[in-house]
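Read the structure below first, then the notes.
Please treat every number below as a calculation from the coordinates, not as lab data. This one's a predicted model, so the numbers in the text were calculated from it and none came from an experiment. Ideal geometry is used to build each Cβ from the backbone, glycine not excepted, and the neighbour counts take in all protein chains shown.
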Amino acid sequence: MNESPKMEKLVSFCKQRGFIFPSAEKYGGLQGFWDFGPLGVELKNNIKKAWWKRFVQERGDIVGLDSAIITNPTVWEKSGHVEGFSDKLVECKKCHHRFKADDLAKMEKCPDCEGELTNEKSFNTMFKTFVGPVEDSTSTAYLRPETAQNIFINFDNVRQAMRLKVPFGIAQIGKAFRNEITPGNFIFRSREFEQMELEYFINKKDDEKWFKKWVDDSFQWFIDLGIKKENLRLFKQPKTELAHYSKATTDIEYKFPFDKGFAELMGIANRTDFDLKSHGFEYRDEENKTVFVPYVIEPSAGVDRAALAFMLDAYDEVKGGRTTTTESNKEVEVVLRLHKDLAPYKVAILPLSKKEQLAKPAQDIYHDLQKHFMVAYDDVSSIGRRYRRQDEIGTPYCVTFDFDSLDDKKVTVRDRDTMKQDRVEIGDLKNYLEEKLD
Ligand code: GAP
């Protein structure tokens, strides 16, 4: 799949700036696998932290779980994944390249060599492995293709341990694996990725109310973290495209710079009582003396896909230069306008000179602030260049320690977006930044 110029630029930017590297690049990489570098891991951690804070920490009705990636394979039989978690595949009879049938849009020839294509066949996208020292069908297990099933099979454990009453939710963030036929578009579709999933258990009679609420709340989460509203939209999946467990699914789509313009960022599904029934769970409502199988509303988001959308949305090129004086107005400066909660570093400490006289107190400030925030320290090259480097990686505040700081015990704090500068007492700096970052 061809990547757009904006994607190409972002892929190269992510590598150069330490966000994302192709996995095992030294050995030619492995298609569909990526390694997150020092800044990428901060960004991903911040996305996960923001999600957990909103949907677990700030609510009384949702609790967390961190379950095994490999579990008893019966789980995947009961859930319908062994039978039905597959994509339609066609193969070229000449070059033997394999394609997802949906991607070829009814093309009759191989797009790589014009060879004849086979008929469609099903390809199960679960990764298989063996548990223990014997490699046969009795030891076959799967890497989970979604985190959701481990939530369902812990339904009674969690509910009883935490004395939960419907409606309540169980949230989980963790790795999922799919042997995608055509991974691509950078981290949009990979074979190893992370999901942030929430199963919200409800009474069937309330399913439409809760479905709408979860669509609205999920949409708002992206807006609150800075995604531009015009780049998001809702897409109601047609009945013919619904997953085997779903009565209704609405995707939140982001305007990615590929495909048809908008593509799935996350999905909210009404999974009905399909999963709890498949695993044989029911729920006793002690107040009303009834027993029923709860329905489930599932907001499910990919961490990697969210990271891609947040980066694309924040990536801004300012023509003509803004921090450095340039002779040519063709100069372009990149500013990653990430939401403060998502920025890998919150603050950078930049002593005006490397001289011990300034470096020592600047480092004291650095070490002090490190106890509270992710802080960068940069004393290499001109101050303009250093501002520029921090703008590129999205650092919201730069603190400059200059010669005046030695006398007035104040530093200059520069805001990434407004470029406004404040002179702040060193003693008040932590509180000042905390207030700004809150
Ligand atoms: N439990 C429901 C479920 O897994 P899904 O629509 O298949 O539903 C949910 O996946 C989300 O996981 C997607 O909206 C997307 O953000 C992410 N996702 C799915 N497959 C992915 C892949 N191959 N690479 C990256 N992210 C993926």
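Values as computed for the structure displayed
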read-out: K165-E120 FRET efficiency (beta carbon distance; Förster radius 30 Å; 0.05 resolution); value: 0.05
read-out: Label-point gap, in nm, between D103 and T418 - each point 7 angstrom along Cα→Cβ; value: 4.7
read-out: For M374, M126, M196, order by how many other beta-carbon atoms lie within 10 Å, fewest first; value: M374, M126, M196
read-out: Prolate/oblate/rounded label for segment 209-264 (Cα gyration tensor, a/c 1.5); value: oblate
read-out: For segment 5-53 versus segment 185-211, the gap between their alpha-carbon centres in whole angstrom; value: 23
read-out: Reciprocal mean inverse distance between Cα atoms of the chain - Kirkwood radius, Å; value: 24.5
read-out: Shape of segment 1-113, Cα gyration tensor, a/c cut at 1.5; value: oblate
read-out: Relative contact order, percent, segment 320-437 [alpha-carbon distance under 8 Å, six or more residues apart]; value: 27
read-out: Ascending count of other beta-carbon atoms within 10 Å, so fewest first, for I223, I426, I69; value: I223, I69, I426
read-out: Estimated translational D of segment 132-290 in µm²/s (Stokes, Kirkwood radius over Cα pairs; 10 °C; 1.306 mPa s); value: 88
read-out: C-alpha center-to-center spacing [segment 388-419, segment 64-122] in angstrom; value: 51
read-out: Spherically averaged projected area of segment 339-426 from its Cα convex hull (nm²); value: 5.2
read-out: Fewest-first sequence of S12, S23 by Cβ atoms within 10 Å of each Cβ; value: S12, S23
read-out: Span-rule helices in the chain, defined as complete DSSP H runs reaching 15 Å or more along the axis (Cα) with Kyte mean at least 0.5; value: 303-314
